[in-house]
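Each remark here refers to the structure printed beneath this line.
No value in this document is a laboratory result; all are computed from the given coordinates. Just so it is clear, the structure is predicted and the values come from calculations on it, not from any experiment. When we count neighbours, we look across all protein chains shown, and the Cβ atoms used for this are built from the backbone with ideal geometry, even at glycine.
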Amino acid sequence: MPSTSNPVDAVTDFLVKSRVLYLATIGLDERPKVRPFQFMREEGRRLYFCTSNQKPVFKEMQKHPYVEFCASGADFSWLRLNGKVVFSEDLGLKGRIQDASP
């Protein structure tokens, strides 16, 4: 990753430039699930990813809120992040994400 004084900026930069990004969850069947996912934005030192509340992945994250993301760069570098999912009801944030990625 490029050196920067703010680690969140370095992570955000890497995620924006990544060609491949995968999300790992625990499925409703209690088995691991991995799928391609798109990074949407960083705001307030938080990283945002989106999905529909009608998809199985949404229900998986409600039941098992700890996930991992793995991203790879064009130079074969990679980054793995893990954390607890926090769902946002912020309609302004949703609008900003939709404006950037219709």
- Task: Quickly work out the LYS59-to-PHE87 label distance, labels modelled 7 Å from Cα along the C-beta direction, and quote it in nm with one decimal.
- Result: 1.3
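State which stretch of the chain is the longest one without any exposed GluC sites (Glu not before Pro), exposure meaning a DSSP loop state and at most 11 other Cβ atoms within 10 Å.
Values: sites that count: GLU30, GLU89.
The longest such stretch corresponds to 31-88.
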- Please identify the chymotrypsin sites (Phe, Trp or Tyr not before Pro) of segment 33-102 that satisfy two criteria: DSSP loop assignment and at most 16 other Cβ atoms within 10 Å. Which are they? PHE76, PHE87
- Note on the structure: Quick P(r) readout (segment 40-89; Cα-Cα; 5 Å bins; whole %) gives 5, 15, 25, 25, 18, 9, 4, 0
- Ranking SER77, GLN38, SER52 by how far each Cα lies towards the positive end of the charge dipole of segment 31-102 (+1 on Lys and Arg Cβ, -1 on Asp and Glu Cβ), the top one is SER52
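I need to check one value: relative contact order of the chain, counting alpha carbon pairs closer than 8 Å and at least 6 residues apart, in percent.
Details: 132 pairs, mean separation 25.0, N = 102.
Here the relative contact order equals 24 percent.
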- For every helix of n ≥ 4 consecutive DSSP H residues, a contribution of -39,500 (n - 2.57) applies; sum these over the chain, divide by its total residues, and give [θ] at 222 nm rounded to the nearest 500 deg cm²/dmol. -8000 deg cm²/dmol
- Rg (one decimal) and Dmax (whole number) from the Cα set of the chain, in Å, equal 14.0, 42
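Place a +1 charge on the Cβ of each Lys and Arg in the chain and a -1 charge on the Cβ of each Asp and Glu, then give the dipole magnitude about the Cα centre in debye, rounded to the nearest 20.
Details: 15 positive and 12 negative charges, 49 e Å.
Magnitude of the dipole: close to 240 debye.
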